[in-house]
Amino acid sequence: MQKRALITGLTGQDGSYLAELLLEKGYQVFGLVRRSSSGNLDRISHLSGNVQILSGDLLDQSSLMDVISESQPDEIYNLASQSYVPLSWTQPALTAEYTALGVSRLLESIRRCKKDAKFYQASSSEVFGQPDESPQTERTAFRPRNPYGVAKAYAHWMTINYRQQYNLYTCCGITYTHESPRRGTEFVFRKITSTAAMIKLGLAKELKLGNLEARRDWCYAKDAVYAMWLMLQQEKPDDYIIASGETHSVKDLVECAFNCVGLNWQDYVSVDPAFYRPDESVQLVGSIEKIKTQLDWKPQYSFEQLVELMVEHDLKKLTNTGC
Ligand code: GDP
């Protein structure tokens, strides 16, 4: 029988890649979409007709119950949240409503309407905040440092509590930064790949960056969504870190991106203190031992391959649109 999946956050980077993966695997895919975000369907316009959009909101319990009753999903992936960290400081209560309580409402709706559905919760490395150890494992203490991280920590533990209390099949995937051509240029990865492409094409002259020594654990969003799917195919639910397991510096990234377009980065890059962050002393990097050993998952794309595919995408896009 055809499997059915419901994705919240369908219009985001991960939601769009996950929908593609599930369609390839023959699923019937439903997407929960807020009315206010339904104007922003860019990332899924190529999927229209294949994905059934259902209107609902994580702030509204009855809409979630209706959507679950109507779609009867075998698997539910909660990728929706208020995920922009600076906004979580200016709107902390709204962030908690979506990112924390929204998950309570969703879990409660599953318990009431579709107890046998498998549930994936998108946890984030932001739950670790300023961690005591590096790399982090599934057992590292949570010390979130912003309202978004705090809300994600609540959602993480509620997901585990529903598994323990009600025996639901619920899992948390703790993802680190993951990138793709669908990522916005405010993030450093895409900022660098798109600016390198612009410079190559004569559309920009320079690239201003903050701390070149800052290090991140970057992986490809397509690899990350595959891990999400894999987690729900197991006999028993469990929680896993989804990461590359490696760190690279912003300087590595710049060097690699400019190499891809055949330019010397030192001729174009300058450091602007405006892009510096406060304390970045502790490294966020995930240990992927558990997911590697238990699920046989590891990223298919290396750091270099990811940089290359993003630069190529940006070159092609700029050549086609000329802007
Ligand atoms: P996030 O902080 O993981 O959400 O991702 P970002 O892509 O915004 O930042 C990644 C790292 O790049 C951080 O450690 C920043 O300090 C560093 N960085 C250096 N220069 C820049 C820049 O120009 N823009 C951004 N966004 N980050 C920069």
Would you please give the FRET efficiency between Glu97 and Val271, computed as 1/(1 + (r/R0)^6) with r the Cβ-Cβ distance and R0 = 51 Å, to the nearest 0.05?
0.85
Does segment 102-258 come out rounded, prolate or oblate by the C-alpha gyration tensor, with a ≥ b ≥ c the root eigenvalues, rounded set by a/c under 1.5 and, if not, prolate when a/b is larger than b/c and oblate if not?
prolate
Going through segment 236-298, which GluC sites (Glu not before Pro) have at most 16 other Cβ atoms within 10 Å and a DSSP loop state?
Glu280
Once Lys and Arg get +1 and Asp and Glu get -1 on their Cβ, which of Gln72, Leu94, Ser134 lies farthest toward the positive end of the dipole of segment 1-143?
Gln72
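Efficiency by 1/(1 + (r/R0)^6): what FRET value for Asn259 and Gln164, r their Cβ-Cβ distance, R0 = 45 Å, to the nearest 0.05?
For Asn259 and Gln164, the calculated efficiency is 0.35.
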Mean-square fluctuation maximum in Gaussian network of the chain, Cα pairs under 10 Å, restricted to Thr293, Thr95, Thr177, hits Thr293
Determine the share of the chain's accessible area contributed by carbon and sulfur atoms, expressed in whole percent, with a 1.4 angstrom probe.
47 percent
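Rounded to two decimal places and with Rh computed the Kirkwood way over Cα pairs, what is Rg over Rh for the chain?
0.97
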Pick from Ser123, Ser48, Ser249: which residue has the top mean-square fluctuation in a GNM of the chain where Cα pairs under 10 Å get a spring?
Ser48
Compare Val33, Val254, Val85 in a GNM of the chain, Cα atoms joined below 10 Å, and give the one with the largest fluctuation.
Val85
Give, rounded to the nearest 20 debye, the magnitude of the charge dipole that the chain has about its Cα centre when Lys and Arg contribute +1 at Cβ and Asp and Glu contribute -1 at Cβ.
600 debye
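Work out the FRET efficiency for Thr185 and Ala141 from their Cβ-Cβ distance, taking R0 = 35 Å, and round it to the nearest 0.05.
E(calc), rounded to 0.05, equals 0.55.
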Among the listed pairs Lys115/Lys298; Lys114/Lys298; Lys118/Lys292; Lys25/Lys316; Lys3/Lys152; Lys115/Lys222, which have their C-alpha atoms separated by more than 23 angstrom in this model?
Lys115/Lys298; Lys114/Lys298; Lys25/Lys316; Lys3/Lys152; Lys115/Lys222
What number comes out for accessible area per residue over the chain if the probe is 1.4 Å? Units Å², please.
47 Å²
May I ask you to list the residues of segment 216-241 whose amide nitrogen lies under 15 Å from a point 7 Å from Cα along the Cα→beta-carbon direction of Glu24?
220-230
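The values are calculated or read from the model by the stated rules, or taken from the named source; none is laboratory data. Because the structure is predicted, anything quoted here is derived from the model rather than measured. Please note: Cβ atoms are built from the backbone with ideal geometry, for glycine as well, and neighbour counts cover all protein chains shown. Quick note on the areas: whole protein, heavy atoms, side chains included, nothing else; ligands and nucleic acids left out. Shrake-Rupley method; radii C 1.70, N 1.55, O 1.52, S 1.80 Å.
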